[in-house]
Amino acid sequence: MQNLLAPGHRACAGCSMPTVVRLVLDAAGPNTIVVSPTSCLEVTTTPFPESAWCVPWLHSLFENAAAVASGVEIALKRFHKDANVLVIGGDGSTFDIGMGSNSGMFERGHKVTYVCYDNEAYMNTGVQRSGSTPFCAHTTTTPSGEISLGNPRPKKDMPAIALAHRVPYVATASVAYPVDLRRKVKKAIETQGPSYIQVNAPCITGWTFDAGKTVEIARLAVETGLWPLFEYVNGQLTEVKKVRRPKPVEDYLKSQGRYRHLFKKPGGTEVLKQIQAMADANISKYCLVD
Amino acid sequence: MSKVKAIEFVEPGSTQITKTGAWRTFVPRIDQKKCIKCSLCEIYCPESSVHQVKDPISGDLIFDIDLNYCKGCGICEHECPRHAIKLELEEK
């Protein structure tokens, strides 16, 4: 495995994000230019005057990573150079703040691969709710308590938004399935036009679990049906990672502190049923079970 | 004409000067007899601190953990299919 992200970065012990980035860079190779919006990734890998990156790397603002990457791609074309252009950003910039420039990049059809490592809240600034935060998860801006059971809204369906822009390659991946992730990144890079990959990346501080369990929790998200691994090529669903025996969502939820209130508070059982219904809807939509 | 002072630029991979191994409480130890060389620990390690090296005595390829950077998160212990990695409380 080639190492294009050097050790010594300041990510938390047990963070899944460096693993995601290492796998993405391993698949993309050294001939790659990465643009990163503000995120945990930017903060932990580039504490001035150091950098963990072994490929050219640009930091843009929170909202314009896709626009900067579009410019990089145009400049490469203009000077007849060939390199993979990647955006690696968190869910805050992808789902909320950078949504406008993402939409522009998708719609103009730049040959840029957008990788979103999705840790389902603004972890860098202290676990605030984002558009990606799932239903009834505890965050500091949607706290669970007397009158609330956490985030009242379900997660934004970003792959569907990308598909609505007729993005030729849209996929979801997980840190727990590294072979699948690398294959998807390679396929995305070979795609003519924009591509979007959303990678599930558990966060130990925001989701509250023991550092060693990172990969196990990502695997449980897939095995319960809450994080289906699919691939759309030219708008057609082409591949789905099958789940042999879907596990109950409780297995996934009870392993994390952000769902602790669902097992203690009255009304929690009702919510668990709703979350199970979401998993079942995924299972039938993507035919996860043979 | 004033001479423009050269700005020091950030070297690629320069975070390596920071030895994050100092964060560690538990240290992983690999039992080489149990290891089946599946390389899952190398793939999952967030610190890129698991490497394939040549054993100085037998000459075989073995996995070794670079303790300069290992933060002791325990992902390798948790994911090892043969339970060949154990975390121990580190005495410094």
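At q = 0.13, 0.19, 0.20, 0.26 Å⁻¹ the log10 of I(q)/I(0) for region A:228-290 amounts to -0.45, -0.77, -0.82, -1.07, computed by Debye summation with a single uniform scatterer per C-alpha, solvent ignored.
Using a 10 Å cut-off on Cβ to Cβ distances, tally the other chain neighbours for every residue of B:10-23 and report the average as a whole number. Before the final figure, lay out each step's value.
Working: counts 7, 5, 9, 12, 10, 14, 6, 4, 8, 2, 6, 2, 0, 3.
That average works out to 6.
Secondary-structure-derived ellipticity at 222 nm for chain A, considering helices only, amounts to -10000 deg cm²/dmol, per-run term -39500 (n - 2.57) for DSSP H runs with n ≥ 4.
Look at where the Cα atoms of region A:1-63 and of region A:107-130 average out, and the two centres are 14 Å apart. Sequentially through region A:255-267, phi angles give Karplus couplings (6.51, -1.76, 1.60; θ = phi - 60°) of 7, 10, x, 6, 10, 4, 4, 5, 9, 10, 7, x, x Hz, Gly and Pro residues having no value and appearing as x. Taking packing as the residue-averaged number of other Cβ atoms within 10 angstrom, the listed peptides A:28-41, B:76-89 run from highest to lowest as A:28-41, B:76-89.
Computed over every Cα-Cα pair of region A:1-113 and binned at 5 Å starting from 0, the pair-distance distribution P(r) comes out as 2, 12, 23, 24, 21, 13, 5, 1, 0 percent.
What average number of partner chain Cβ atoms lie no more than 10 Å from the Cβ of the residues making up B:36-47? Intermediate results must be reported in sequence, preceding the final value.
Working: counts 0, 0, 0, 1, 2, 0, 3, 10, 9, 5, 18, 11.
Partner Cβ neighbours, averaged per residue: 5.
Both radii come from the Cα set of the protein assembly as shown: Rg as radius of gyration, Rh as Kirkwood radius; their ratio Rg/Rh reads 0.97. For chain B, the cysteines with no partner cysteine C-beta closer than 4.7 Å are B:C35, B:C38, B:C45, B:C70, B:C73, B:C80.
Over 26 Å between C-alpha atoms is what I'm after, so list which of A:K247/B:K33; A:K265/B:K86; A:K77/A:K187; A:K187/A:K241 land there. Write out the running numbers ahead of the final one.
Working: A:K247/B:K33 34 Å; A:K265/B:K86 37 Å; A:K77/A:K187 21 Å; A:K187/A:K241 16 Å.
A:K247/B:K33; A:K265/B:K86, as the Cα separations exceed 26 Å there.
Both the radius of gyration and Dmax for region A:5-70 are 11.6, 34 Å, in that order, over alpha-carbon atoms.
Would you work out the Kirkwood radius for region A:30-189? I mean one over the mean of 1/r across all pairs of different Cα atoms, in Å.
On the way: mean 1/r = 0.0600 Å⁻¹.
Mean inverse Cα-Cα distance, inverted, gives 16.7 Å.
Beyond a 22 Å Cα-Cα separation, which of these cross-linked pairs lie in this structure: B:K19/B:K92; A:K184/B:K71; A:K186/B:K54? Checking Cα-Cα distances, A:K184/B:K71; A:K186/B:K54 exceed 22 Å.
What's the average, rounded to a whole number, of partner chain beta-carbon atoms within 10 Å of each residue's beta-carbon in B:78-86?
Numbers: counts 8, 7, 0, 0, 0, 0, 0, 0, 0.
That average works out to 2.
Residue ranges A:7-20, A:211-224, A:43-56 sort as A:7-20, A:211-224, A:43-56 when ordered by packing (mean number of other C-beta atoms within 10 Å per residue, highest first).
Normalised Debye scattering of chain B at q = 0.13, 0.14, 0.24 Å⁻¹ gives log10 I(q)/I(0) of -0.51, -0.56, -1.25, counting only Cα atoms as equal scatterers and leaving out solvent. Here the Karplus relation 6.51 cos²θ - 1.76 cosθ + 1.60, evaluated at θ = phi - 60°, turns the backbone of region A:231-236 into coupling constants of 8, 10, 10, 6, x, 9 Hz, with x for every Gly and Pro.
Normalised by residue number, the volume inside the convex hull of the Cα atoms of region A:140-268 is 130 Å³ per residue.
Readers should treat all values here as calculations from the given coordinates under stated rules, not as data from a laboratory. Everything numeric here is computed off the predicted structure, so don't read it as measured data. Please note: Cβ atoms are built from the backbone with ideal geometry, for glycine as well, and neighbour counts cover all protein chains shown.
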